[in-house]
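Enquirer: I have a structure here, written as C-alpha cells, and I will follow up with some questions on it.
The values are calculated or read from the model by the stated rules, or taken from the named source; none is laboratory data. Computed from a predicted model, the values in this text were never measured in an experiment. Methodologically, a virtual Cβ is constructed for each residue, glycine included, from the backbone with ideal geometry; neighbour enumeration extends over all protein chains shown. These accessible areas exclude ligands, DNA and RNA; they are computed on the full protein's heavy atoms, side chains included. Shrake-Rupley method; radii C 1.70, N 1.55, O 1.52, S 1.80 Å.
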Amino acid sequence: INVYEGISNTAHYVHLLSPGDYLTIRREAFKNDGVEPDQYSAPDLVNWDTTKSTDWQHYILGGTARTTDAQAGISGGNTNTKFLISANYHHETSVLPGGQYYARGGFHFNTEHHSSNERLSVLLTGSYTKDKNVLPQPITSYITLPPDFPVYDKAGNLNWDLYTLNPAAALMQQTKSETETLLSNLTISYRLWQELAVKLSVGYTKMQLTQFAKKPAASLNPLYGEANSAVFGDNSNSSYIAEPQLTYKKDFGKSAINAIAGSTWQKSITEGTTIKGSNYANEALLESLSAAGHIDYIQNNFTDYR
C-alpha cells in the first residue's frame, strides 16, 4: 500500500504594472491623443473606483493545489497458479478558483494458470478506470484585466463594462466530463501433441465518455438576452476481437517445420449523442435535460466496423 499527499502553488508570476502606473499611462495616452476619456472608451478611468484594485494574477493563480495518490496491490499463488490484484486512486485540485478538480480511480487484475503437465495454459487480464474532470471556462488570460476592474457593479450585479470579460462569470460556466474504460483479455492454449497446439485469444474493450457544459443566464451579458442553457454529450466505443490459432512445430535433425494457421474476427461499434437544452426555469436544474424548456438541437453518430 502506498499513499502520497502533496500541495503546490504558482512559483512565478509575470511582472505587470502597478495599479498606479497603469492608470498614469492610460491617462497619458488619452492626453497625448487629445481625447477626453468617457464611459465607453475608458470605463477603467470613468466608471470604476480607481482607488481600489485587484491583483488578478493572485486572484486567478494564487490558490493552493492539493494532490492525493493511493495505490494498493496484492499478489500470490503457487507453482501452477499466480495472481495479481491492484487498485489506484488519484485526486488533484488546481491553483485556479472555482472548485475544479480531476479524479481518477481503477483496478487491475492478472491471473495465470498452467497445468501440472504443461499442456494447458490460461491467462486472464483486465482493468477498469474511471475519471472525472471538472473545469470552468479558460480564465488564465484574465490576468491582464485592468487592475481596477470591479467584478460586480454598484448594484451587486456582474460588471459587463468589457462586454464578455468577467472572471466570476467564466467560473460559473462549468464543464464536466467522465470517462469509463474497461479492458479485458482471455488467452487459452492447449497442446494436443508435442508438435501441435491450439490457442484462442479473446478481447473486449469498452470506453464511455459523458460530457456536460452549462451556461447559466447569470453568467452571460444581459445585453445579448441569452437564456440558461446546457449541452449534454454521451459517446461510447465497444470493441471485440477473437483470434483462434493452430501451430505446428517439428524438428528433423538440422531442419524444422514451423506452421501456423489462424484467423481474426473483430467488431467495433462507436455511437454518440449531443443534445443542447435551453430556457431552464431555474439554474439549479441545468444538469437535468428533462427540465429544459426547449431542445435546441440533437446530434447523433453511429459507426459499425467489422
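Enquirer: Going through region 17-116, which chymotrypsin sites (Phe, Trp or Tyr not before Pro) have at most 11 other Cβ atoms within 10 Å and a DSSP loop state?
Expert: Working: sites: Tyr22, Phe30, Tyr40, Trp48, Trp56, Tyr59, Phe83, Tyr89, Tyr101, Tyr102, Phe107, Phe109; in loops: Tyr40, Trp48.
Those satisfying the criteria are Tyr40.
Enquirer: So, one more: Report the extension gain between Arg119 and Lys132 in nm, rounded to one decimal, defined as 0.36 nm multiplied by the number of residues separating them, less their alpha carbon distance.
Expert: 0.2 nm
Enquirer: For Thr67 and Ser86, calculate 0.36 nm times their separation in residues minus their Cα-Cα distance, and state this gained length in nm to one decimal.
Expert: 4.8 nm
Enquirer: Sticking with this structure for a sec: Helix 19-33 versus the longest principal axis of the chain: what is the Cα-based angle in degrees, 0 to 90, to the nearest 10?
Expert: Approximately 60 degrees, to the nearest 10.
Enquirer: Moving to a separate point now. Once the Cβ-Cβ distance between Ile74 and Lys31 is put in as r, and R0 is 45 Å, what FRET efficiency do you end up with, to the nearest 0.05? It would help to have the intermediate numbers written out before the result.
Expert: Details: r = 75 Å, r/R0 = 1.66.
With a Förster radius of 45 Å, E is 0.05.
Enquirer: Once you list every other residue whose beta carbon is under 11 Å from the beta carbon of Thr187, what net charge do they have if Lys and Arg are +1 and Asp and Glu are -1?
Expert: Net local charge, Thr187 excluded: -1.
Enquirer: Please give the charge dipole size of the chain, origin at the Cα centre, charges +1 on K and R Cβ atoms and -1 on D and E Cβ atoms. Round to the nearest 20 debye.
Expert: Here the size comes out at about 1660 debye.
Enquirer: Which whole-Hz ³J(HN,Hα) couplings does region 185-196 yield from phi under the Karplus relation 6.51 cos²θ - 1.76 cosθ + 1.60, θ = phi - 60°, glycine and proline marked x?
Expert: Values per residue, Gly and Pro as x: 8, 10, 10, 10, 10, 9, 8, 6, 9, 4, 9, 10 Hz.
Enquirer: Something else now. Within region 51-134, report the trypsin sites (Lys or Arg not before Pro) that DSSP leaves as loop and that have at most 12 other Cβ atoms within 10 Å.
Expert: The qualifying sites are Lys52.
Enquirer: Among the chymotrypsin sites (Phe, Trp or Tyr not before Pro) in region 124-188, which ones are in a DSSP loop with at most 14 other Cβ atoms within 10 Å of the Cβ? Mind listing them?
Expert: Of the chymotrypsin sites (Phe, Trp or Tyr not before Pro), the ones in loops of region 124-188 whose Cβ has at most 14 other Cβ atoms within 10 Å are Tyr163.
Enquirer: Using 0.36 nm per residue, how much length does the chain from Ala168 to Thr187 gain when fully extended, once their Cα-Cα distance is taken away?
Expert: Using 0.36 nm per residue and subtracting the Cα-Cα distance, I get 1.4 nm.
Enquirer: Then there is this: Using Cα centres only, tell me the gap between region 103-147 and region 222-247 in whole Å.
Expert: 18
Enquirer: With the other protein chains left in place, how much accessible area per residue, in square angstrom, belongs to the chain at a 1.4 angstrom probe?
Expert: 62
Enquirer: Taking K and R as +1 and D and E as -1, what net charge do the other residues with C-beta under 12 Å from the C-beta of Arg66 add up to?
Expert: -3
Enquirer: Using the crude model of +1 on Lys and Arg Cβ and -1 on Asp and Glu Cβ, and no other charge, please compute the dipole size for region 19-163 relative to its Cα centre, in debye to 20.
Expert: Around 880 debye, computed over region 19-163.
Enquirer: With charges set only on the Cβ (+1 for Lys and Arg, -1 for Asp and Glu), what does the dipole of region 226-306 come to about its Cα centre, in debye to the nearest 20?
Expert: The calculated dipole for region 226-306 is roughly 880 debye.
Enquirer: Roughly to the nearest percent, how much of the accessible area of the chain is carbon and sulfur, given a 1.4 Å probe?
Expert: Details: 10390 of 19030 Å².
Carbon and sulfur together cover 55 percent of it.
Enquirer: Work from the charge dipole of the chain (Cβ charges, +1 for Lys and Arg, -1 for Asp and Glu, about the Cα centre) and give the residue of Val134, Gly253, Thr67 farthest towards its positive end.
Expert: Ranked along the dipole, the leading option is Gly253.
Enquirer: Still on this structure, I have one more. What residue among Gly272, Leu285, Ile295 has its Cα farthest toward the positive end of the dipole of region 264-306, where the charges are +1 on Lys, Arg and -1 on Asp, Glu, each on the Cβ?
Expert: Ranked along the dipole, the leading option is Gly272.
Enquirer: Report the one residue of Leu209, Tyr101, Ser189 whose Cα lies farthest in the direction of the positive end of the charge dipole of the chain (charges on C-beta: Lys and Arg +1, Asp and Glu -1; origin at the Cα centre).
Expert: The Cα lying farthest towards the positive end belongs to Ser189.
Enquirer: Can you tell me the FRET efficiency between Ser268 and Leu246 if r is taken as the Cβ-Cβ distance and R0 is 30 Å, rounded to the nearest 0.05?
Expert: 0.70
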